[in-house]
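Trainee: I'd like to ask some things about the structure below.
Computed from the coordinates by the stated procedures, all read-outs in this text should not be read as laboratory data. This one's a predicted model, so the numbers in the text were calculated from it and none came from an experiment. Cβ: placed from backbone, ideal geometry, glycine included. Neighbour counts: every protein chain shown.
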C-alpha cells in the first residue's frame, strides 16, 4: 500500500525522527526453547526503551516472503516493493557514487576466472583484493561503445558497478552469472523488446572487457547482474516533508537512500559508535536520520549466533550517545530476519521498538526481543507503515477529515 | 478495503447486532506506568463481557493516521474512508434533518462577529445562545438565489447547516473560515472547474446573509466550511442485509448513519441510559443498532482524564439494561482515540470488545482496557473489518466457496 495518502496530512515542526536499522535483526533460537541472538544479548538501553515505548513486529514484504536488501529497505521507507522493483545493480551503482538516472541502465559486475574453454572456474576470481582489482576497473573505463556512455566504478574486492547512458535503453535484462562453475557466462538476455538494445550493448562491452583482461591470471572474465535503473521514487521531502539523511557504510544502503532523496553522509569508521558520532555531527541539519548497521546480517549469514549477539550488544552500548541528542521518535528494527541457524535472510516477522516519550503508548512489555515484540502494543504490521507511525509520533500529521 | 465481497455471502436470520461506540474511547496514561481512563474506570459489566468474549484493537484509517469523526465512522461502518471522502457539512446537514442528495452541496455555517473593516473579531459571534441564533437562521431562510433552492437549519448556539440544490453544482469548495481573528472571511473558492458555479452562488448567499445581519451586534457575519454532498454510499440493507437503526444525540453521527441507510431514532435525553432506553423501545424493529456516546470524546478533548473515566463508568452502569435485551453480538469500541493527555483525537489503536455468547472465541483476557486489548484474541485489525466480524458472529454469513 502506497503512503501517498499522507501527503495532504503533512505538517512541519522541529521534531527529529531516527530510524535505526539493524540489518537482518530478526532471528531464530538454536534450540526450540532457547533465546534468539537478540533475546540472548545484554541490551539494558534497548530494554529501557522497550519498557517506556511500544513493541510490535513488522512483515517486510508479505507474510512468508523473504526479502532481498533492496526491497526490504524500500518497504521500511514506505514504498511497496511489489510496486517498485529496483535492480540491485542500480542501488549499488548509486551508492558508490555513480550517476544513475531514469533511462540509464546500471548493473553489478564480478570479476571471474575463465578456463581455456571459457568456462567459469572461479566466480569471484579468487576473491582478488581491492588493490589488485582497482587498476583493472581503471582499464575497463577505457572501453568505448557507439552511441552510449559507459561508466564503471570499483566497489570492493572482485566487485564493480557499471552504468550505461544513452537513447532507448531499458533494464529488463537477465543476469549473466550462471551461479555455478564449469559453465560459460551467459550472454545478457533482454526480457522484453525494449531492453534488447541495452542487452546487445552490454554483450559488446563484456566482449571488450574480456579482451582487455585476457592476460590476467585470475580476473580474466566478468559477469553482470542486478540490472536496473532509477525508478524515480517519490522523495522523502515530497512524500513525508522530511529533510532526510542516511548514515550507512555499505553502498547498497547508501544507494537505496539516495533513490528516495536522502542525503548520504560521509564519515570515518564502520562501527555503530562511528555511525552515531556521524549522526551527532549532522544532528541539527536534518529532520529524519536513517542509520544502517550491517553486521547483524553478516553474522547471521555466517551462521554466527554469538557474533550477531555481540553486534547487537555493541549497538546497545552506542545508544546512549544517540539518546543524548533527544530524538522525538526512535524506531529500532531490522529490514528482515537473518537467523544464524538458517545462514540466510528469512521471511520471519522482524521485532520493532518504537520510542516516542511525548506521544507514545507504553505497552506491557519490558524487554526488546522477538517474543516480547509479538505481545507488543503495535501488533504485527507491514514494514511500509513505519513511516506513517514515525510521522504521527513526531506530531507531523494533521487530522484526516473533520 | 471494501466489504463488497460480503454481499454474496449474506444470509438472513433473526439475530441482533449492537455496535456501541464510545467516541474517542482510546487513551494514553498520564504517566508511563499509569492506567488510561478506560483502565482506571470501574467497569464490572464490561469486564465480565471481556472475560466471556474476545478483545482486540482497531486501526481506524491507517496506522499513524488521526481520523476526524466522519471518516472514523465510515470506517466503523465498513467503508474505507480513503475511498469515500464526505464533507462534514453534508454529515451535519443530513444529521439535523436537511435533505442532501447527490448533486446538492451542503456546508456547516458559523455566525461570526465582523469589525468595521470587515475583519473577524470573534469566530463564534460571542458563542451566542441557541435562543438568539434561532431567529437569525429563520431570517437567513428568506434569502433567494436565482436558479437554485437553498435551505438552512439551526444546529446549536452559533452554528447552522446549509444545503443548496440545483443544476451543475459540485462541492469541492474550500472553507471560508480563515481560522483566526483579524482576517476577513475568505470567499468560497472552487477547487475545480465543476465546483465554480456552486462557489459563486455561495458567495452571493454570504453577501446577502451579511446584508441581512448588518444590524446585529455579535452575529453580523457568517463563515462556511466542510462543503460536501451525498457520496451515495451503499446502504446497510444492500451491503449487509441489515435493517439498521442509529441511536445518537449529535447531528454528525446521525448524519453519517443516514448516509449508509440507517434509520435515525428520535428520543428524549442525552445520557447513555436514555440511549439504551431508546434501544429497548425499538428493539424488535431492527437487526442492527448503532449506539453513539459522545461524551468520552468531549472529555478527552477537554483534557479531563477523570471525566472521561466517569463517562465510561456511566456507560458500564447502563449496560445491564442493554444485555437484558439479549443481543446476539455486542461490539464495544471507539471510532478513534482521544487521550485526555493530548486533548485531541489521535491515531493510537482503539480497544475493542466483541461479545457473542453463541459463536465467540473467548480469549485469555478478563478486563476491558487498552493493554488488555493488545493481547486479545482478535489481534490488531482495520476498523473496516468490524462489520464482517459482527455478521459472522451473528451467523449471518455463508461459507465462501465450497
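Trainee: Can you tell me the relative contact order of the range A:115-251? Whole percent, Cα pairs under 8 Å, sequence separation 6 or more.
Mentor: Contact order relative to length: 22 percent.
Trainee: Between the label point of residue B:97 and that of the same position in each other copy, find the distances and list them shortest first in nm, with every label point placed 7 Å from Cα along the Cα-to-C-beta direction.
Mentor: Result, one decimal in nm: 7.6.
Trainee: Still on this structure, I have one more. Average the reciprocal distances over every distinct pair of alpha-carbons in the range B:102-170, invert the result, and give the Kirkwood radius in Å.
Mentor: Kirkwood hydrodynamic radius for the range B:102-170: 13.1 Å.
Trainee: What FRET efficiency would be calculated for the residue pair residue A:203, residue A:364, taking the C-beta separation as r and a Förster radius of 60 Å, to the nearest 0.05?
Mentor: E(calc), rounded to 0.05, equals 0.50.
Trainee: Note the angle between two axes, namely the Cα long axis of helix A:305-323 and the longest principal axis of the Cα atoms of chain A, as a number of degrees from 0 to 90, rounded to the nearest 10.
Mentor: So the inclination is approximately 60 degrees.
Trainee: Another question, if that's okay. Calculate, in nm to one decimal, what residue A:266 and residue A:83 gain on full extension: separation in residues at 0.36 nm each, minus their alpha carbon distance.
Mentor: 62.8 nm
Trainee: Based on DSSP, what percent of beta bridges with both residues in the protein assembly as shown are antiparallel, to the nearest 5?
Mentor: 60 percent
Trainee: From the alpha carbon gyration tensor of the range B:155-289, can you work out the equivalent ellipsoid semi-axes (sqrt of 5 times each eigenvalue) and give them in Å, largest to smallest?
Mentor: Each semi-axis is √(5λ); the values are 36, 21, 11 Å.
Trainee: Normalise the Cα radius of gyration of the protein assembly as shown by 2.2 N^0.38 Å (N = residues in it) and let me know the number.
Mentor: 1.10
Trainee: Can I ask one more? Could you please state, rounded to a whole Å, how far the C-alpha centre of the range B:143-215 is from the C-alpha centre of the range A:351-379?
Mentor: Cα centres, the range B:143-215 to the range A:351-379: 48 Å.
Trainee: Oh, and also: How many nm separate the modelled label positions at residue B:5 and residue B:52, each set 7 Å beyond the Cα in the direction of the Cβ?
Mentor: 3.2 nm
Trainee: Classify the range A:1-151 from the C-alpha gyration tensor, please: rounded if a/c falls under 1.5, else prolate or oblate depending on whether a/b exceeds b/c.
Mentor: The shape class here is oblate.
Trainee: Also, quick follow-up: How much of the DSSP bridge set in chain A is antiparallel, in percent, rounded to the nearest 5?
Mentor: If we restrict to bridges inside chain A, about 60 percent are antiparallel.
Trainee: Something else: Starting from a label point 7 Å past Cα on the Cβ side, list the distances from residue A:127 to the same position in the other copies, nm, shortest first.
Mentor: Copy-to-copy label distances for residue A:127: 7.5 nm.
Trainee: So for B:361, B:342, fewest C-beta neighbours within 10 Å to most, what's the order?
Mentor: Ordered by Cβ neighbours within 10 Å, fewest first: B:361, B:342.
Trainee: Can you give the relative contact order of the range B:248-402 as a percent, counting alpha carbon pairs under 8 Å and 6+ residues apart?
Mentor: Relative contact order comes out at 17 percent.
Trainee: Determine, at each q value in 0.10, 0.12 (inverse angstroms), the log₁₀ of I(q)/I(0) that the Debye formula gives when each Cα of chain B is one equal point scatterer.
Mentor: -0.69, -0.95
Trainee: If you don't mind, another one. From the label point of residue B:320, set 7 Å from Cα along Cα→Cβ, how far away are the matching label points in the other copies, in nm, ordered shortest to longest?
Mentor: 5.7
Trainee: I've got another one for you. Between rounded, prolate and oblate, where does the range A:161-216 land on the alpha carbon gyration tensor, with a ≥ b ≥ c its root eigenvalues, rounded for a/c under 1.5, else prolate if a/b exceeds b/c?
Mentor: Note, shape of the range A:161-216 comes out oblate.
Trainee: Using a 10 Å cut-off around each Cβ, can you sort A:373, A:246 from fewest to most neighbouring Cβ atoms?
Mentor: The most exposed by this proxy come first: A:246, A:373.
Trainee: Further, regarding this structure: For the residue pair residue A:142 and residue B:238, what label-to-label distance in nm results when each label sits 7 Å from Cα along the Cα-to-beta-carbon direction?
Mentor: Label at residue A:142, label at residue B:238, 7.5 nm between them.
Trainee: What full-extension length gain, to one decimal in nm, is calculated for residue B:115 and residue B:344 as 0.36 nm per residue of separation minus the Cα-Cα distance?
Mentor: Gain on stretching residue B:115 to residue B:344: 79.3 nm.
Trainee: Compute the distance from the alpha-carbon center of the range A:307-327 to that of the range B:32-67, in whole Å.
Mentor: What the calculation gives is 34 Å, centre to centre.
Trainee: Using the alpha carbon gyration tensor of the range A:257-324, what are the three equivalent-ellipsoid semi-axes (square root of 5 times each eigenvalue), largest first, in whole Å?
Mentor: 24, 15, 9
Trainee: Further question: Which whole-number percent is the relative contact order of the range B:129-200 (Cα, under 8 Å, 6+ apart)?
Mentor: It rounds to 23 percent for the range B:129-200.
Trainee: Just want the ordering: B:291, A:30, A:206, from fewest to most Cβ atoms lying within 10 Å of their own Cβ.
Mentor: So the residues, fewest neighbours to most, are A:30, A:206, B:291.
Trainee: Using 7 Å Cα-to-Cβ label points, what is the residue A:102/residue A:189 separation (nm, one decimal)?
Mentor: A separation of 3.0 nm, rounded to one decimal place.
Trainee: Apply the a/c threshold of 1.5 to the C-alpha gyration tensor of the range B:224-292 and tell me whether it is rounded, prolate or oblate.
Mentor: Verdict is oblate for the range B:224-292.
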